[in-house]
Amino acid sequence: MRRRDFVPVAFAIFILVLGVHAQSPETWPVSTPQAVGLNPKVLAGLDADIAAGKYGYVDSMLVIRQGRVVYDRSYPHDYFQVYGKEAKEPGALNAHNPTGPYNYFNPWWHPFYRRGDLHTMQSVTKTVTSVVIGVARARGEFPDLSTPILKFFDESKVANVDERKSRVTIRHLMTMTGGFDWDEDLPYNDPNNACSQMEASFDWVQFTIDRKMAREPGTVFNYSSGETQLLSHIFHTVTGRDIEEYAAEHLFAPLGIERFFWKRSPSGPIDTEGGLYMNPHDLAKIAYLFLKKGVWQGKRIVTPEWVTDSVSPKVEVGKSGVKYGLKWWIYPYGDGSRTAWAGSGFGGQMPIIVPEHDLVLVFTGWNILPDRPRLSHREAIDRVLQAVVDRSSDL
């Protein structure tokens, strides 16, 4: 799910340090902010505001520059206490799965998997799904993105097929321009939200592919978690393999990611729209892979062309100046001439890449109710960039 407008948190069990331990458990080398041209007082100011609750429930902040962890903080919250009341009251965020992984107020599942250190990624899962497709493309095991998606379905079992649906391609799904009748701009606790309706159904793929068309594909950005869920079916149909298994072998293993959890939809397929759990250090590896144009520790995992295509603007997102690539959000900053690349997940999941400054930022959180304080991508980017004291050397 996008869940991008909100942000709360669970019991964080991270060991947090300000650039003083010798080696992180996830093999990231560690340094100090000063050593990589960052002002520690500026970062400490952001840290203090987060700890004081200015941005609601933020669970962690991780800053990596020049390939080294220089700021690593977590902020424990008792989510049983925070959302205990909502967890017991039926609503769109828990009605169909009160004790399971789709009750978003259940602290056994959210925001940490079974109260451990794996944090829900929510719609950052969409970005990771795109990366896995890039890996499969590099290996010659996934078709061109211009392929019509109905090729992967039995049309006799698809409702509302018309000429527009016949023209929907994989690239349209990747850029949220599929043209389906889908309203995900409502709060996720609103039962009329299309994504909440999908998650209340048994077969998410069928729910989505059966939707009527609302517009010509490729013309308008319309956020749709269902379009990403269709990719789980397409990936399996094309490769004969589950996308989780494929990711574990061809993306996570090369990056040294050994611990993760990936939820499945009720009918079986992996939840490619929001089901992944990771720890922030491992999520940072995926971001750093893109910062380095698809290479990790000397090994190419995705092509530089895929990276460029993924983070190149494909469509405008409203009037905010934000654009969308292949499941990557593209945020202008400063005078607007430079951009940061990001994932965005319900509750405050934010892997952010600032290529001009060799920066990878990861924030996690669990602000899931509307109209509450939250840390936005733009504020996170601006506040960390205020710490850059050697800007000229990066340009």
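The values are calculated or read from the model by the stated rules, or taken from the named source; none is laboratory data. Source: prediction; values computed, not measured. With ideal geometry, Cβ positions are generated from the backbone for all residues, glycine too; neighbour counts draw on all protein chains shown.
Remarks
- Residues that are exposed (fewer than 14 other Cβ atoms within 10 Å of the Cβ), within 30 Å of Asp144 (Cβ to Cβ) and touching a residue at least 24 places away in the same chain (Cβ under 8 Å) occur in region 297-310; there is at least one.
- A single entry from Arg164, Arg137 fulfils the requirement of being of a type outside the set (A, V, I, L, M) and touching a Gly at 6+ places or on another chain (Cβ under 8 Å): Arg164.
- Residues of region 85-132 that turn out to be assigned to a helix (DSSP H, G or I), charged (D, E, K, R) and either surrounded by fewer than 21 Cβ atoms within 10 Å (Cβ to Cβ) or out of contact with any helix residue (DSSP H, G or I) (no Cβ under 9 Å at 6 or more places or on another chain) (or both), as a count: 5
- Only listed residue being modelled with pLDDT under 95 and over 20 Å from Gly116 (Cα atoms), chosen from Gly343, Gly334, Gly294: Gly334
- Residue within region 242-255 that is in a loop (DSSP other than H, G, I, E, B), within 20 Å of Trp204 (Cα to Cα), under 17 Å from the mean Cα position of the chain (by Cα) and touching a residue at least 40 places away in the same chain (Cβ under 8 Å) present: no
- In region 323-373, residue surrounded by the most Cβ atoms within 10 Å (Cβ to Cβ) [restricted to those that are in contact with a Ser or Thr (Cβ under 6 Å, 6 or more places away or on another chain) and under 19 Å from Tyr71 (Cβ atoms)]: Thr364
- Any hit, region 359-375, residues being in a strand (DSSP E or B), small (Gly, Ala, Ser) and touching a residue at least 24 places away in the same chain (Cβ under 8 Å): yes
- Elements of type helices (runs of 4 or more DSSP H) contained in region 157-210, each with 3 or more residues being touching a residue at least 12 places away in the same chain (Cβ under 8 Å) and among the β-branched types (Val, Ile, Thr): 204-209
- Those residues of region 333-366 which are within 10 Å of the chain's Cα centre (by Cα) and aromatic (Phe, Trp, Tyr), in sequence order: Phe346
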